[in-house]
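Any read-out appearing in this document is the output of simple, stated calculations on the displayed coordinates, not a laboratory observation. These numbers come from a predicted model, not from an experiment. Note: ideal-geometry Cβ built from the backbone for every residue, glycine included; neighbour counts use all protein chains shown.
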Amino acid sequence: MRLMTRAVLVTAVTAALGGTTYRVVARRRSASAPSSGRRHVITVQRPFDEIAEVLPEPLSAYHGALDVQLRAAPADRGTEISARALNDTVSDGDIRRLLRESRSLLEVGDVLQPGGPTSTPTALNAPLRAATRHGREGGLL
Amino acid sequence: MKALQWQGVNKLAVGEVPDPEIRNPGDIIVKVTRTVTCGSDLHLIGGYIPFMEKGDVLGHEFVGEVVEVGSDVRNHRVGDRVVVSSFIACGKCYFCAQELFSLCDNGNTNPAITETLWGQAPGGCFGYSHAMGGNPGSHAQYIRVPFADVGAFIVPEAVTDERALFASDSASTGWMGADLGGVRPGDVVAVWGAGAVGQMAARAAVLLGADRVIVIDRYENRLGQAEKFAGAEPLNYEHTDVEAELRERSGGRGPDVCIEAVGMEAHTPGAQFLYDQVKQQLRLQTDRPAAVRDAIHACRKGGSVFVLGVYAGFVDKFPLGALMNKGLTVRGAQMHGQRYIPMLLDRMARGELVTEHLATHTMPLADAPAGYRMFKDKEDDCVRAVFLPN
């Protein structure tokens, strides 16, 4: 059993930014606020050893812009993945979305896509539609 | 295709929407054969859960036929007759591994709203607002079912569509209340609400060996169904002092397990109802919790209260003192259908669990707005209105 104290720094913070990675980071939506610098954490229902070898693409694409750490969750509850922005190119919303998509890829192998829209934009539902467009970026994660 | 759409507070209409399509390799497309109203839909229709958009398709309890399968689907083929859990769950996350499927980490594409409201996000649900993923609902000719290997179940030949329909949500929700409420042989169980979910909870308690099961409501036709089909004792709260009656029927102890199957628009006699109505309309509370209050007060010391009714936010006059001082266990959940549906289908096939009587009114999808009016107003003793989209 792995202890909580077992922590591994998976992504070197000084890694050079690849061209592709930089483009991904630079596509940050203008609406996204800069990162608070807080560490965001999720737990993934997969063994630490499996995840530690290769991070899923959503996180690895931000190599150099994020400080990502993994550690085994207590009582065989999987693996805790935490991420923190290293610069202003990544917002808190980006990190939440990356973590959620990574969890889904690691657990399911896929990220669930929303159903096709059947609704009509109105002035009344504009705030809800805006929130829904960023559904994986908001929240408390 | 045709679908029943929410058009605004208390406005429904059948309109044209795009056909659903496979969006993930684990999806199937189901041609809906039967889809049914649910009391929790009324909270959406009435604007009590303010995360609806004009045009959203309602409905989360349905059976149908598989007409298309995604490339990763292993358990289903075109032509299968399936009943589908109303909650969408991946089957792989920590919560699914604990069989708490409605808490799935990967089933809600829009977790921000509920996470902000409640601290953590539950899974997604069909036709139940953008807070639950914005998934188009089942009151339509076709529906996309994500994670189909986890949430869709082949209906045994011995079970009709009419019966299997209610395994989708009502029966699994009711069973969950009795199961997770901890009903044991010899228990006295009280169920608030004699709608479909309450009746199913009562039937589950009987099948789990409860000594007495008492169902509380004010509609005689529903109480009659609970007596006839669930084997429960009816109690009309407009005609008697419920708590005194429950005490008397449980040797003065109070019910061991109290199951609330009413929800956020509870009705009660007297001043409490007026008080809750005013506070709800003024948005000083979002939900009317009268049945939960009663359940907590009536429950025996050290007993269990399970909240099956849907609640959205905050309530006033919650009896925390009774809960704490009586040492109660209070639980609640959206339904973990994937945990119960196979077992329920087996019981349906054996005739232990019958549901057809719940479908008091069956009509084409085109009449769905009228069906919801009947259902809401309990016209013509409507318990559930079932729609036939095809």
**Protection proxy ranking, peptides B:170-176, A:53-59, B:199-205, average beta carbon neighbours within 10 Å, highest first** = B:199-205, B:170-176, A:53-59
**Prompt:** How fast does the stretch B:135-276 diffuse by Stokes-Einstein, in µm²/s, taking the Kirkwood radius from C-alpha pairs at 10 °C and 1.306 mPa s?
**Reply:** 96
**Complete:** Toy charge model, Lys and Arg Cβ at +1, Asp and Glu Cβ at -1: the stretch A:35-112 dipole around Cα centroid in debye, rounded to 20, equals 320
**Complete:** Footprinting proxy, B:F387, B:F229, B:F273: sorted fewest to most Cβ within 10 Å, the residues are B:F273, B:F229, B:F387
**Item:** Convex hull of the stretch B:9-161 built on C-alpha atoms - directionally averaged projected area, nm²
**Value:** 9.2
**Prompt:** Taking the Cα atoms only, what angle lies between the long axis of helix B:196-207 and the longest principal axis of chain B, rounded to 10 degrees?
**Reply:** 70
**Item:** Sorted by Cβ density within 10 Å, fewest first, the residues B:Y128, A:Y62, B:Y275, B:Y237
**Value:** B:Y275, B:Y237, A:Y62, B:Y128
**Request:** Tell me the trypsin sites (Lys or Arg not before Pro) within the stretch A:49-141 that lie in a loop according to DSSP and have at most 16 other beta-carbon atoms within 10 Å.
**Result:** A:R77
**Asked** Helix B:337-350: angle to the longest alpha-carbon principal axis of chain B, degrees 0 to 90, nearest 10?
**Response** 90
**Asked** Where does each of B:M348, B:M335, B:M363 land when they are ranked from fewest to most other beta-carbon atoms within 10 angstrom?
**Response** B:M363, B:M348, B:M335
**Prompt:** Across peptide A:102-111, how many C-beta atoms of other chains are within 10 Å of each residue C-beta, on average?
**Reply:** 6
**Complete:** With only helices counted (DSSP H, runs n ≥ 4, each -39500 (n - 2.57)), the per-residue ellipticity at 222 nm for the protein assembly as shown, to the nearest 500, works out to -8000 deg cm²/dmol
**Item:** When the convex hull of its Cα atoms is projected in every direction, mean area for the protein assembly as shown (nm²)
**Value:** 25.2
**Prompt:** Counting partner chain Cβ atoms within 10 Å of every residue's Cβ in A:129-138, what's the average?
**Reply:** 5
**Prompt:** When the C-alpha atoms of chain B are aligned to their principal axes, what extent does each axis show, in angstrom, from largest down?
**Reply:** 58, 47, 44
**Message:** Taking each residue in B:138-145, count the Cβ atoms of any other chain within 10 Å of its Cβ, then average. What number comes out?
**Reply:** 1
**Beta bridge orientation in chain B: antiparallel %, DSSP, nearest 5** = 50
**Message:** So if I place +1 on the C-beta of Lys and Arg and -1 on the C-beta of Asp and Glu, and nothing else carries charge, what would the dipole magnitude of the stretch B:1-133 be about its Cα centre? I want it in debye, nearest 20.
**Reply:** 200
**Asked** Can you give me the pair-distance distribution of the stretch A:35-112, C-alpha pairs, 5 Å bins, whole percents?
**Response** 3, 17, 29, 25, 16, 8, 1, 0
**Fill in**
The pairs in B:K11/B:K54; B:K31/B:K92; B:K279/B:K317; B:K11/B:K376; B:K279/B:K378 lying past 18 Å Cα-Cα in this model are B:K31/B:K92; B:K279/B:K378
**Message:** Tell me which of B:A370, B:T268, B:A204 sits at the most positive position along the dipole axis of the protein assembly as shown, charges placed on C-beta atoms (Lys, Arg +1; Asp, Glu -1).
**Reply:** B:T268
**Request:** Enter the angle in degrees (range 0 to 90, nearest 10) between the Cα long axis of helix B:170-180 and the first principal axis of the Cα atoms of chain B, meaning the one along which they spread out most.
**Result:** 50
**Asked** What FRET efficiency would be calculated for the residue pair B:L282, B:E220, taking the C-beta separation as r and a Förster radius of 41 Å, to the nearest 0.05?
**Response** 0.80
